[in-house]
Ligand SMILES: *[C@@H]1O[C@H](CO)[C@@H](O)[C@H](O)[C@H]1NC(C)=O
């Protein structure tokens, strides 16, 4: 009896590990690579020239959706994490190039893993205007992102249990 429980437990552990280690790649392909800030056209070529022939299973890409252009510090990497809309239009390329990359990589067994930023829009201090990678208008003061469209109704600001209503202390789980 004890012995059988031991075996069941062992099988359970193996099952759990198996599930955790499913890499969501084609069989035998267990490595992915992060091509941070690469252009879609270059990634498509990289899939064909290097990644597929060398057995890579996937590529993680930078966020593909429209972001704020941070001009004052020459477009730092973190502007990719300042969404303005979900149009596939960034300095990595447009929607046509994105589709072409996904098709060409998938056709030879390399999957595309998208870094998706869906829990916030751009920072409040970037103001208002059309300085976005696809030229979409936004206004952070009025929380207006008509290209999605999002408005003030879609945000949860001012709801923290703190003096300002914003997160003041990241060690406070209630904030
Ligand atoms: C996407 O970008 C490519 C390369 O710059 C360009 O040739 C093409 O016209 C663009 N397509 C759209 C729909 O903007």
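Values quoted throughout were computed directly from the atomic coordinates according to the rules given, and no laboratory measurement underlies them. Model, not experiment: these values are computed from the prediction. So basically every Cβ, Gly included, is an ideal-geometry build from the backbone, and we count neighbours across all protein chains shown.
Some notes on this structure:
- Contour minus Cα-Cα distance for residue 106 and residue 60 (0.36 nm per residue): 15.2 nm
- 25, 133, 142 arranged by Cβ crowding within 10 Å, fewest neighbours leading: 142, 25, 133
- The order of 35, 51, going from fewest to most other C-beta atoms within 10 Å of their C-beta, is 35, 51.
- Angle in degrees between helix 2-20 and the longest Cα principal axis of the chain, rounded to the nearest 10: 40
- FRET efficiency, residue 144 to residue 175 (Cβ-Cβ, R0 41 Å, nearest 0.05): 0.95
- Cβ-to-Cβ counts within 10 Å put 38, 78 in ascending order as 78, 38, the fewest first.
- Here the contact order of the chain, divided by its residue count and restricted to Cα pairs under 8 Å and six or more residues apart, works out to 19 percent.
- Nearest 10 degrees, 0 to 90: helix 95-107 Cα axis against the chain principal axis: 0
- Of the beta bridges in the chain, as assigned by DSSP with both residues counted there, near 50 percent are antiparallel.
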